[in-house]
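Asks: Structure provided below as C-alpha cells; questions to follow.
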Amino acid sequence: MTTKRGLITDSFKVVKKARKRVKREKTPSPPPQQQETETLTLREEELQKLRQFDLDWRFGPCTGISRLQRWERAKLHGLSPPEEIRYLLLQTNTDSEYNQSLWSEYPL
C-alpha cells in the first residue's frame with residue numbers, strides 16, 4: 001500500500017504577490033571602451049612587461065634580489081631571459097620602481 005505524499009501547497013495557502021510594473025526609461029549605452037593597451041602610457045607598458053617578467057617562474061624566484069640580478073642569474077644558468085627586459089633595466093637603473101621586483105614591498 002502506497003501513501004500519497006502531499007504537496008506543501010496542500011497544507012499552506014498559496015499566496016501570489018502582485019507584480020508592480022514600473023516602466024523604466026532606457027538609458028543610452030555607453031560608447032565602447034578603447035582597448036586597455038591603447039590607453040596605457042609608455043611607462044605603464046614598461047612596468048607591465050617587468051611585472052610579467054617577475055611572474056614568469058622559468059627564470060627562478062624573484063624575492064630578495066633586484067630584477068637585473070635575477071635577469072643575470074637566469075642568463076648565467078642558460079635560461080635565455082628576454083633581452084628587452086635587460087635593456088629596460090639598464091636604461092632605468094635609478095628608478096626603484098623599475099629595479100625592484102613586484103614582491104619587494106613584502107617582508108621575507
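Asks: Tally Lys/Arg at +1 and Asp/Glu at -1 over every other residue whose Cβ is under 11 Å from the Cβ of L68; what's the total?
Replies: +4
Asks: Answer with a single label: of [x] 59, 27, 13; [y] 20, 19, 10; [z] 23, 15, 12, which was calculated as semi-axes √(5λ) of the Cα gyration tensor in Å from the structure in view?
Replies: Only one listed value fits the structure, namely [x].
Asks: Calculate the FRET efficiency for E44 and R21 from the Cβ-Cβ distance with a Förster distance of 35 Å, rounded to the nearest 0.05.
Replies: 0.15
Asks: While we're looking at this one, here's another question. Can you give the angle from 0 to 90° between the axis of helix 42-55 and the longest principal axis of the chain, with both taken from C-alpha atoms, to the nearest 10?
Replies: 80
Asks: Now a separate question. Would you tally the net charge around L55, using a Cβ to Cβ cut-off of less than 15 Å, leaving L55 out, and scoring K and R as +1, D and E as -1?
Replies: After counting each charged neighbour, the total is +3.
Asks: Does the range 36-80 classify as rounded, prolate or oblate by the C-alpha gyration tensor (a ≥ b ≥ c root eigenvalues; a/c under 1.5 gives rounded; else a/b over b/c gives prolate, otherwise oblate)?
Replies: prolate
Asks: Follow-up. Below 8 Å, C-alpha to C-alpha, sequence gap of six or more: please give me the relative contact order for the range 42-96 in percent.
Replies: 31
Asks: Using only Cα atoms, tell me the angle between helix 67-76 and the longest principal axis of the chain; keep it within 0 to 90° and round to the nearest 10.
Replies: 70
Where a number appears in this text, it was derived from the coordinates with a stated rule and is not lab data. What you are looking at is a predicted structure, and each value in this text was computed from that prediction instead of being measured. Because the Cβ atoms are built from the backbone with ideal geometry, glycine has one as well, and the counts that use them run over all protein chains shown.
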